[in-house]
1. Restrict the check to the stretch 52-75 and report whether at least one residue is acidic (D, E), modelled with pLDDT of 95 or more and open to solvent by 40 Å² or more (accessible area, probe 1.4 Å).
2. For R81, indicate whether it is outside any helix (DSSP H, G or I) and closer than 14 Å to V56 by Cα.
3. Looking at the stretch 109-157, what helices (runs of 4 or more DSSP H) fall wholly within it and have at least 2 residues that are surrounded by fewer than 17 Cβ atoms within 10 Å (Cβ to Cβ)?
4. When D104 is evaluated against the numbered criteria (1) in a helix (DSSP H, G or I); (2) touching a helix residue (DSSP H, G or I) at 6+ places or on another chain (Cβ under 7 Å), which criterion, by number, is the only one it fails?
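The values are calculated or read from the model by the stated rules, or taken from the named source; none is laboratory data. Just so it is clear, the structure is predicted and the values come from calculations on it, not from any experiment. Backbone-built Cβ (ideal geometry, glycine too); neighbour counts: all protein chains shown. Surface accessibility is based on the protein's heavy atoms, side chains included, excluding ligands, DNA and RNA. Shrake-Rupley method; radii C 1.70, N 1.55, O 1.52, S 1.80 Å.
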Amino acid sequence: MLGAPEGARDASRARDVREARVAPGAREVHGSRGPHRAREAREAGAAPDLPDAVRVLLLHAANVDARTAARLYAHGTGAERRAVLLALPYLRIDGADAVPLVEDALRTNDTRLVAAAVGPFAARHLSPHSWRQAVLKCLFTGVPLTAVADWERRARGDAELARMLTDYARERTAAGRPVPGDLDPVLARTRAPLGEEPLTRAPSREASLPRAVSREES
């Protein structure tokens, strides 16, 4: 279906498509929350979704342009929208033309769309602010960290992301709600200087959270 790609770059790209796996996420639960969503997320990430992979191959073979991808996304079913997002890294589309599709998916409560949106395309093209919001969206909706492509590189040394994660963990703790387990690895990476590896063990959340300011200090 992919034909004979020209050059090493195309060959690598074609191989990536042939080995396409759906980004871990959850089934379309349309805004549901709680244990049901977490269970769906784990189950969806347990095995590749063959229909999604086939749709990606078809979009690649058709060499769809930005306008066609936007139309398919706007008028498609959840599965078709997901396929467009998963196919973006393999299409010859300028990043700026497709970023709005990714940002739209990240505004939804469909966790499989969110998981598809944080793939390699987002890692390369989302602005720092949008990418940080995407990480928080995954934590909030229960999308596994493994769905976020290249998070180790993008999170490394990101002080603003560290602040956002710390605030999020503090708010969850204050509300008596559990803090997602995926938060610690990302927070550890943000504390690694650029070009260096983080500590092998993430610091405890207690050590990460800022000390409460007393009335006298304030």
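1. So far as the stretch 52-75 goes, no, none of its residues is acidic (D, E), modelled with pLDDT of 95 or more and open to solvent by 40 Å² or more (accessible area, probe 1.4 Å).
2. On the way: outside any helix (DSSP H, G or I): no; closer than 14 Å to V56 by Cα: yes.
Here the answer is no, as R81 does not meet what is asked.
3. Details: elements: 111-117, 120-125, 128-141, 151-155.
Fully inside the stretch 109-157 and qualifying: 120-125, 128-141, 151-155.
4. If we test D104 against (1) in a helix (DSSP H, G or I); (2) touching a helix residue (DSSP H, G or I) at 6+ places or on another chain (Cβ under 7 Å), just (2) comes out false.
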